[in-house]
Amino acid sequence: MRLLMPARNPRSRSPRFTPPPRLLQLAALSVVLLFAAAESAEAANSRPNVLLISVDTLRSDRLSSYGYSRATTPAIDALLRSGVRFENARTVEPLTGPAMASMITSRYPHDHGITRNALKIRPGLSSVSKLLRRDGYFTSAFVSNWTLAKDVSSLHEHFHQYHEVLTRKRWLGMFKEEAAAEDVTEAVVTWLREEKKDEPWFIWAHYTDPHAPYLFRSEFAERLGLSSLGTRLSQSDRYDTEIAATDAAIGQLLEFVKSQSRAGEETLIVFTADHGENFGEHGAWGHGRHLWEDAVRIPFGITWAGRVKPRVITEDSRIIDIAPTILGLLEIDAPSAFAGHDWSDVLVRGRPAPELPTLMQAHRGAVLPGRDADGAREKGLLEVAVIDGNIKSFWLPRSRTMLRFNLRSDPREMRNIGASASEAAVVLDSWMADVSQKLRRQNEVPAALDSEAIEKLRALGYIQ
């Protein structure tokens, strides 16, 4: 028996399913989220990696690109030629802990708390690394100076990972608190090989050479026109060989980063130093306690191929400008607490370079255990200085002495032009008052140092 089905009217249509409004909303939301996720992934992939390289105790006038006659820095010179080189950059304090904290937080030492080595940074401060982390970057630091160790400085708070590259006993075999330049490069390269990150990275690599004791690197002697017998060389000559060794290691790091970059990807690279070094100028040796130009002038350059055109900027710049400028180049808002200037408008959009006052301070070395931190900060202040235009004004609180120099006509600071009631003197007085007031407010107690730590600091010249 055949079952007869009713004939279908060709004009009639099957009943159409109409989803409920809630389901339609969920579907639309899913599409939006998929597009947003795709855009977010594309944005993350389009953001550049950021490499911040700092070198300990590197005077700018010992780089070939800054006019030095010896070929100390061919790799660094090539890097600086490919981007913007700041001709007149200075640190805010010629001591590693304070300067490096100022570099990442864009705050002055009396504000972030590390005015002397062995004092910790104030907790909870904003920094370039924290802001990049919030924006999706993976942040990693590689430090090779014992004074930057996390137990000493607490700077590790500002990074996902904080690597202490303390691999060698550079101080006559007595201590294991630093590393050779090649050790730092090896640590960073190993990390880049082994840590495959989906997100962009921000790396800070701090090289300790050419810090004292100025080890002789004989493999660079011939290139620098020096005797291969290191015992006959001056401290200054040995210092140059360490600069050359550091340059070679940095060159290897730059080559590796370039080789690992994806097609069309360019890394944003910032190069600088924490401070310079004195070799007998004005009777000063080393760094940390005086604000002479040899100790405060630093190299500073920014390279970002395709975005930052090569040029030289002669206007004054400061180490506290680094953090806001990195953020500005990446179009990330910097907090109002940052004291530095964002140079991205100058570098990318061609705006005129500003005239910025340079404010500096110098303190005693490390803080010994058992001392009150507040007193250690306030009593440790040795000098403050202001550069306004061509005039550099010093104030020495202990002797209540003012020194003034015209850096245009007297760049070596040999002729004191005497006190003045000029605007620069007013700025200096205001700066001294601000430093003193905030030093009194800093009440954190420094971490107690054990006997080994004290001996390390003494050997490094930070305790006298």
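The values are calculated or read from the model by the stated rules, or taken from the named source; none is laboratory data. All figures in this text were calculated on a predicted structure; none of them were measured in a lab. Neighbour counts are summed over all protein chains in view; Cβ atoms, including those assigned to glycine, are modelled from backbone coordinates with ideal geometry. With ligands, DNA and RNA removed, areas are computed over all heavy atoms of the protein, side chains included. Shrake-Rupley method; radii C 1.70, N 1.55, O 1.52, S 1.80 Å.
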Problem - Filter result (closer than 17 Å to T208 by Cα and either touching an Asp or Glu at 6+ places or on another chain (Cβ under 7 Å) or open to solvent by 30 Å² or more (accessible area, probe 1.4 Å) (or both)) within region 240-259 - result: E242, A245, T246, A248, A249, Q252
Problem - Residues being modelled with pLDDT of 70 or more and open to solvent by 20 Å² or more (accessible area, probe 1.4 Å) - total across region 420-438 - result: 10
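For every residue, the table says whether it meets (1) touching a strand residue (DSSP E or B) at 6+ places or on another chain (Cβ under 9 Å); (2) β-branched (V, I, T); (3) more than 14 Å from P357 (Cα to Cα); (4) at pLDDT below 85.
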residue	(1), (2), (3), (4)
L381	yes, no, yes, no
V386	yes, yes, no, no
K392	yes, no, no, no
M414	yes, no, yes, no
V445	no, yes, yes, yes
K456	no, no, yes, yes
L460	yes, no, yes, yes
Problem - Number of the condition not met by A362 [criteria: (1) surrounded by fewer than 21 Cβ atoms within 10 Å (Cβ to Cβ); (2) touching a residue at least 24 places away in the same chain (Cβ under 8 Å); (3) out of contact with any helix residue (DSSP H, G or I) (no Cβ under 7 Å at 6 or more places or on another chain)] - result: (1)
Practice task
Please report, ordered by residue number, the strands (runs of 3 or more DSSP E) entirely within region 270-372 with at least 2 residues that are of a type in the set (D, E, K, R) and within 21 Å of the chain's Cα centre (by Cα).
Solution key: 311-318
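Assigned to a helix (DSSP H, G or I) and surrounded by fewer than 22 Cβ atoms within 10 Å (Cβ to Cβ), is that true of E182? Full working, then the answer.
Details: assigned to a helix (DSSP H, G or I): yes; surrounded by fewer than 22 Cβ atoms within 10 Å (Cβ to Cβ): yes.
When the stated conditions are applied, E182 passes them.
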Problem - Total residues in region 219-229, condition under 20 Å from A179 (Cα atoms) and surrounded by 14 or more Cβ atoms within 10 Å (Cβ to Cβ) - result: 1
